[in-house]
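A short worksheet on the structure shown next.
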Amino acid sequence: MAVVRSMNKMYGVCFHVVRQTAGLKVSRLLQHRAFRVGPQFPGASAEFVDQLDFIQPNVISGIPVYRVMDRQGNIINPTQDPQLSKETVLNFYQKMTLLNTMDRILYESQRQGRISFYMTNYGEEGTHIGSAAALDPRDLVFGQYREAGVLMYRGFPLDLFMAQCYANADDLGKGRQMPVHYGSKDLNFVTISSPLATQIPQAAGAAYAVKRENMNRAVICYFGEGAASEGDAHAGFNFSATLECPLIFFCRNNGYAISTPTNEQYRGDGIAARGPGYGMLSIRVDGNDVFAVYNATKEARRRAVAENQPFLIEAMTYRIGHHSTSDDSSAYRSVDEVNYWDKQDHPISRLRHYMTARGWWSEDDERSWRKQSRKTVMEAFERAEKRLKPNPELMFTDVYQEMTPGLNKQRESMWRHVKQYKEHYPLDLYVK
């Protein structure tokens, strides 16, 4: 028994020594990590410092603006020339000027009381056409409300633009949306929604679905710098980065969020500076240079699909027109400021300089095209104005597969009202 007790005591002493030795090793290892290795916190990667120093807001500042052409249409660096064919460049120019012509006619029609509302795209045509041309037709587009040129480039006909603004029987939305809220399932253009920035997290979800399909597609989401101040922008940026989605965030920084200038919207260096904080590759481009927009979008699209990651493009441009027909921008900016951008740095005139220098476009071509394009727009305008309005019954369809008791009650109430005040409701102007 004495031997057994002696053996147990010896094992106990040995076990205690082993535990002490192991504990000492762990302690030394932790000390080694603390003094020799950076922070082990899971939320960031950095080194420890022993000096109190706040990060300055301009740590990312002065992000350069990528451009291909100068204001006179000269290629600055020949290696960046996209080498587009004459036919392609002419198509760019004709789409940009056709959009400009449509804007002028529909803006005036609203002023005459023919349609209820309109938003022009003056000065931002280069951001539309340059980006749209760089996409695959199968790529999904989420617009804000100033991307009509993207839809036009994809082949959306003038008749359907007019039908939507007039809310007539040909409108794909069946007259339910206010003007300029276009959409086309066939052209992979998601219907525009009025609430600001809602399309940003929606685009992140769509891009995640596209990634899971593995169909070599991308999603592009357009928004203005004002929308980037919405909480939805944060959600969309963060989701797309953490879920590694093939998504291009395309910000049109046009200087104003309705009447609020950029210097009152944010203190950082624009929108591109926010990309690194979300782990996104970012670039700032000259939005009045259609070739710069094209190159940046094309490369972002290629890498987004190949690498499954989001990209942020900030296109610097200027909103020459009023925010909408509900706005009078002369109340918050000078005529001289607007004239500078209209006359000195317009994306249409810049591209025209480029074409003229190559002998691709002349004064005669310009006069002929302007006359032809105006005639084409006016013909579509007149057809739309003569069309009947959609059947009022369509207000209650496409909500549920079968109409609910509540909707039936509303429908019956509407018809009683219309019958009682029929002199105010010319039903002969509506499809039966």
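The residues of the stretch 410-432 that are open to solvent by 100 Å² or more (accessible area, probe 1.4 Å) and more than 23 Å from ASP170 (Cβ to Cβ), listed by number, are GLN410, ARG416, LYS419, GLN420, LYS422, GLU423, HIS424. For the stretch 304-321, a residue qualifies if it is open to solvent by less than 10 Å² (accessible area, probe 1.4 Å) and outside any loop (DSSP other than H, G, I, E, B), and the qualifying residues are ALA304, LEU312, ILE313, GLU314, ALA315.
Residues of the stretch 180-199 that are crowded, with 22+ Cβ neighbours inside 10 Å and out of contact with any Asp or Glu (no Cβ under 9 Å at 6 or more places or on another chain): VAL180 alone. If you go through the stretch 396-409, how many residues are over 25 Å from ASP170 (Cα atoms) and open to solvent by 90 Å² or more (accessible area, probe 1.4 Å)? The number of residues fulfilling the criteria is 2. Among the residues of this structure, THR376 does not count as one that is farther than 30 Å from THR97 by Cα and polar (S, T, N, Q).
Taking each residue of the stretch 46-61 that is in contact (Cβ under 8 Å) with a residue 60 or more places away in the chain and looking for partners that are of a type in the set (Lys, Arg) and in a loop (DSSP other than H, G, I, E, B) with beta-carbon atoms closer than 8 Å, six or more apart or interchain, yields PRO57/ARG267.
Restricting attention to the stretch 343-373 and to residues that are charged (D, E, K, R), without any contact (Cβ under 8 Å) to a residue 40 or more places away in the chain and open to solvent by 80 Å² or more (accessible area, probe 1.4 Å), the residue that is nearest to ARG319 (Cα to Cα) turns out to be LYS343.
For the criterion of being over 30 Å from MET178 (Cα atoms), in contact (Cβ under 8 Å) with a residue 12 or more places away in the chain and touching a His at 6+ places or on another chain (Cβ under 9 Å), GLY73 passes.
Only one of SER368, SER413, SER373 is small (Gly, Ala, Ser) and farther than 28 Å from GLN177 by Cβ; which? Answer to the selection: SER368. (1) closer than 18 Å to MET280 by Cβ; (2) surrounded by fewer than 19 Cβ atoms within 10 Å (Cβ to Cβ): which one isn't true of MET215, the others all being true? Evaluating MET215 over (1) closer than 18 Å to MET280 by Cβ; (2) surrounded by fewer than 19 Cβ atoms within 10 Å (Cβ to Cβ) leaves (1) as the failure. Residues in the stretch 257-291 that are open to solvent by 10 Å² or more (accessible area, probe 1.4 Å), within 18 Å of LEU247 (Cα to Cα) and not in a loop (DSSP other than H, G, I, E, B): ALA273, ARG274, PRO276, GLY277, TYR278, LEU281, SER282, ILE283, ARG284. Whether any residue in the stretch 390-398 is closer than 30 Å to ASP103 by Cβ and in a helix (DSSP H, G or I) is what I want to check. Yes, the conditions are met somewhere in the stretch 390-398. Considered as a group, the residues in the stretch 218-244 that are of a type in the set (A, V, I, L, M) and part of a helix (DSSP H, G or I) include one that is surrounded by the most Cβ atoms within 10 Å (Cβ to Cβ), and that residue is ALA228. Kindly establish whether GLN83 is assigned by the TED database to the domain that holds ASN288, open to solvent by 80 Å² or more (accessible area, probe 1.4 Å), at pLDDT 95 or above and not in a helix (DSSP H, G or I). Answer is yes for this residue. Looking at TRP369, TRP360, TRP341, just one residue is of a type in the set (A, V, I, L, M, F, W, C) and part of a loop (DSSP other than H, G, I, E, B), and that residue is TRP360. Being without any contact (Cβ under 8 Å) to a residue 12 or more places away in the chain and either assigned by the TED database to the domain that holds ALA204 or out of contact with any strand residue (DSSP E or B) (no Cβ under 7 Å at 6 or more places or on another chain) (or both) is the requirement here; does GLN144 meet it? No, not satisfied. Scanning the stretch 153-163 for residues that are part of a helix (DSSP H, G or I) and open to solvent by 10 Å² or more (accessible area, probe 1.4 Å) yields TYR153, LEU158, ASP159, LEU160. Scanning the stretch 186-206 for residues that are in contact (Cβ under 8 Å) with a residue 24 or more places away in the chain and in contact with a Lys or Arg (Cβ under 9 Å, 6 or more places away or on another chain) yields LEU187, ASN188, PHE189.
The values are calculated or read from the model by the stated rules, or taken from the named source; none is laboratory data. Worth saying up front: this structure is predicted, and the values here are computed from it rather than measured. Neighbour counts are summed over all protein chains in view; Cβ atoms, including those assigned to glycine, are modelled from backbone coordinates with ideal geometry. Remember, those area values only see protein heavy atoms, side chains included, never the ligands or the DNA or RNA. Shrake-Rupley method; radii C 1.70, N 1.55, O 1.52, S 1.80 Å.
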